[in-house]
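Enquirer: Before we start, here is the structure in question, set down as C-alpha cells.
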Amino acid sequence: MVGSLLLRGMLVGVLAGLLAFGFARIFGEPQVDRAIALEGTLGHSHDHGDHDHAAAPAGGEAEEPDLVSRETQAGLGLLIGAVVYGAAIGGLFALAFAFTYGRVGRLDARATAALLALGAFLALVVVPGLKYPANPPAVGNPDTIGERTALFFLMLAISVAALVLAVRLALGLARRHGGWSAGLIGGAVYIAIIAVVQIALPVVNDVPEGFPADLLWDFRIASLGMHAVLWTTIGLGFGVLAERALARRAGGRLAFSR
C-alpha cells in the first residue's frame, strides 16, 4: 500500500510542480528580470543561477557569459527544476501521510492530507521565510552565502522538530483535555519555541542600499505564492487519490472476507 501511495504522491507532485512553474513564470520571473536589470547600478553583483554573483573582473574586462542563458533558466531550466522538486516533495509527502494516517485522531484521508500539507507549508516555508526570506538577484553578499545557507537550514530543521514535538504533545494531551484544548496547547508551544529561536538566531540583511522595496516585496510574495500553489495542490490532490486508493483496498478486503 505504501508503494501505491508513493506513486500517487509523486504524480500529484509532478502536477503541483507544473502549476508552480506556471505561477513562477507569470509572477516570479518578471521580478527576477527587474532585479537583474538593476545589478549594474548596485554596489555588488551576483551570479544569476543561484542569486549570488561573482564580482566583475578588475580592469574593466568583459564578464564571462553565463553557462546557461537567462532564457533557458526562466524556461526549460525552471520547468525541469519545478517538476523534479514537486515529484520529490510529493513522494516524501506520501511517506509522511502513510506514517501519519490514523494516528492524528479520526480524520479521513482528505482531512489528514490537507492538515499535513498545511503543517508542512508552515514549518518548511512560512516560518523559515519569516527569519530568512527569499531574495532576488542583486541581493546577497557572496562572502556570506555559506553562513546564510547554514542559518536557513538550521531554522528549517528547528521548525520541523518543534512542529513534531508540538503535535506529539497535543496528541498526548488530547485524551485528558480534549482535542481543542490540546491543539491550542500544542500550537502555543510551537509558537513559543519558534519565537525564542527567531530572536536568538542572528539577523542577516544583505539588501544593498537603493534596492527598490517594492521589487523585494513582490519577489518574496511571488516566492511564497509559488510554494503555496505547490503545497495546496499536493495536499488536496493527494487527499483525493489516497482516499480512493484506501477505499479500493477496503473494498477488496471486504470482498475477500466474504
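Enquirer: Quick check: is even one residue across the range 61-71 exposed (fewer than 14 other Cβ atoms within 10 Å of the Cβ), in a helix (DSSP H, G or I) and modelled with pLDDT under 90?
Expert: yes
Enquirer: Given the conditions (1) open to solvent by less than 40 Å² (accessible area, probe 1.4 Å); (2) in a helix (DSSP H, G or I), which single one is not true for F211?
Expert: In the conditions (1) open to solvent by less than 40 Å² (accessible area, probe 1.4 Å); (2) in a helix (DSSP H, G or I), F211 misses (2) alone.
Enquirer: Moving on to the next point. Test I191 against the criterion of being within 30 Å of D33 (Cβ to Cβ) and surrounded by fewer than 20 Cβ atoms within 10 Å (Cβ to Cβ), and give yes or no.
Expert: In short, no.
Enquirer: Taking G179 as the residue in question, decide whether it is open to solvent by less than 40 Å² (accessible area, probe 1.4 Å) and more than 30 Å from Q31 (Cα to Cα).
Expert: No.
Enquirer: Among (1) at pLDDT 90 or above; (2) in a helix (DSSP H, G or I); (3) open to solvent by 40 Å² or more (accessible area, probe 1.4 Å), which single condition is V125 missing?
Expert: Of the numbered conditions (1) at pLDDT 90 or above; (2) in a helix (DSSP H, G or I); (3) open to solvent by 40 Å² or more (accessible area, probe 1.4 Å), the odd one out for V125 is (3).
Enquirer: Tell me which of these D143 doesn't satisfy, since it passes every other one: (1) farther than 29 Å from F238 by Cα; (2) at pLDDT 90 or above.
Expert: Exception for D143: condition (2).
Enquirer: Please verify whether L201 is surrounded by 14 or more Cβ atoms within 10 Å (Cβ to Cβ), within 23 Å of A117 (Cβ to Cβ), modelled with pLDDT of 90 or more and aliphatic (A, V, I, L, M), treating the condition exactly as stated.
Expert: no
Enquirer: Turning to a different aspect of this structure: Of all the residues that make up the range 132-152, how many are surrounded by fewer than 21 Cβ atoms within 10 Å (Cβ to Cβ) and either more than 17 Å from D206 (Cβ to Cβ) or in contact (Cβ under 8 Å) with a residue 60 or more places away in the chain (or both)?
Expert: Residues that pass the stated criteria total 7.
Enquirer: Which one of these is modelled with pLDDT of 90 or more and in a helix (DSSP H, G or I): V32, V14?
Expert: V14
Enquirer: Name the residues in the range 88-128 that are among the β-branched types (V, I, T) and closer than 21 Å to Y190 by Cα, would you?
Expert: Within the range 88-128, T100, V104, T112, V125, V126, V127 qualify.
Enquirer: Then there's this: Quick check on this structure: which one of L184, L236, L230, L171 is out of contact with any Lys or Arg (no Cβ under 6 Å at 6 or more places or on another chain), under 18 Å from A117 (Cβ atoms) and surrounded by fewer than 17 Cβ atoms within 10 Å (Cβ to Cβ)?
Expert: None of the other options fit; the residue is L236.
The values are calculated or read from the model by the stated rules, or taken from the named source; none is laboratory data. Bear in mind the structure is a predicted one, so any value in this text is a computation, not a measurement. In this analysis, Cβ positions are derived from the backbone assuming ideal geometry, glycine residues included, and neighbour counts consider all displayed protein chains. Just so you know, the surface numbers come from the protein's heavy atoms only, side chains and all, with ligands and any DNA or RNA stripped out. Shrake-Rupley method; radii C 1.70, N 1.55, O 1.52, S 1.80 Å.
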